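The values are calculated or read from the model by the stated rules, or taken from the named source; none is laboratory data. Being a predicted model, the structure only gives us computed values, none of them experimental. Positions of Cβ are backbone-derived with ideal geometry, glycine not excepted, and every protein chain shown enters the neighbour counts. Quick note on the areas: whole protein, heavy atoms, side chains included, nothing else; ligands and nucleic acids left out. Shrake-Rupley method; radii C 1.70, N 1.55, O 1.52, S 1.80 Å.
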Amino acid sequence: MKLVLASKNAKKLKEMNEILSGMGVEVCLQADAGVDVDVEETGSTFEENSLLKARAVMEASGLAAIADDSGLCVDALNGAPGVFSARYGGEGLDDAGRYRLLLSNMPRGQARTAKFVSAIACCFPNGDVLTARGECPGTIAFAPMGEGGFGYDPVFFLPKLKKTFAQLSPEEKNAISHRGLALQAFQAELEKYLNR
C-alpha cells in the first residue's frame, strides 16, 4: 500500500518509512504523487491540523494520504509552543533559532517538564479516516546536546536515558518517540482496517 505524506519534510518521511515499511506500507512525498499542496494549519489541536493536511493532499492526489501534526508542549510555558512549534518565533527562524528562543523563554526556577505530541490522520478517497496519537514525556535541557534528529530534538531531554532525542540513534528514537508511538498505534489501526 502506498500513502502520500502531507508534508515536504524529508526527515519526517524517513521516520515514517522506517516504522511502516515492515507492514508493506510505502510512504512517498507529495511531489512523487504529482501534487504540491500547502495547507494552512488553522486547527487549534494537533488532531485538527493533521486531518486538515491529510484531507487536502488526499483530495489533490486522489490517493490515500497520511499527515502528522506534532509539536512540543512545555508546562512552564502553558503548553507553548504546542501547535505553533514549527512556526515558533516567526518565519525567519530555523530549527536552531527556534530551540534557542525556547531556551531563552524558559522561566527560571520552574519545572522544565514537557512532552512531545504527535497526531496522525490518514484519509482515504472513499471517505474513511484513521487517526492515532502518541506522546513522549521529558524535560527541557539547559543547553542543546547531540547532532541527530531535527526540530527541538537537541533540547528535549529524556531523564531515564540521560540523553536528548538528538543523542539517540534513529532506532532508539523511533521506539519511544511521540511519532514512533503514534505510528505504532496507527499501524494497529491500519491492520484492523485492512483486515476487516
- Note on the structure: The one condition LEU161 fails out of (1) open to solvent by 60 Å² or more (accessible area, probe 1.4 Å); (2) of a type outside the set (Phe, Trp, Tyr); (3) part of a helix (DSSP H, G or I) is (3)
- Message: Conditions first: (1) more than 22 Å from THR45 (Cβ to Cβ); (2) in contact (Cβ under 8 Å) with a residue 40 or more places away in the chain. LEU168 passes all but one, so which condition is the exception?
- Response: (2)
- Query: How many residues does the range 152-184 contain that are touching a Ser or Thr at 6+ places or on another chain (Cβ under 9 Å) and either hydrophobic (A, V, I, L, M, F, W, C) or farther than 16 Å from GLY22 by Cβ (or both)?
  - Reply: 15
- Task: Run ALA80 past the list (1) out of contact with any helix residue (DSSP H, G or I) (no Cβ under 7 Å at 6 or more places or on another chain); (2) over 27 Å from ALA141 (Cβ atoms); (3) not charged (D, E, K, R) and report the number of the one that doesn't hold.
- Result: (2)
- Starting from the range 72-85, keep only residues that are under 18 Å from GLU41 (Cα atoms), then list their pairs with residues that are among the acidic types (Asp, Glu) and open to solvent by 20 Å² or more (accessible area, probe 1.4 Å) whose Cβ atoms are within a distance under 8 Å, requiring at least 6 positions of separation or different chains. VAL83/GLU41
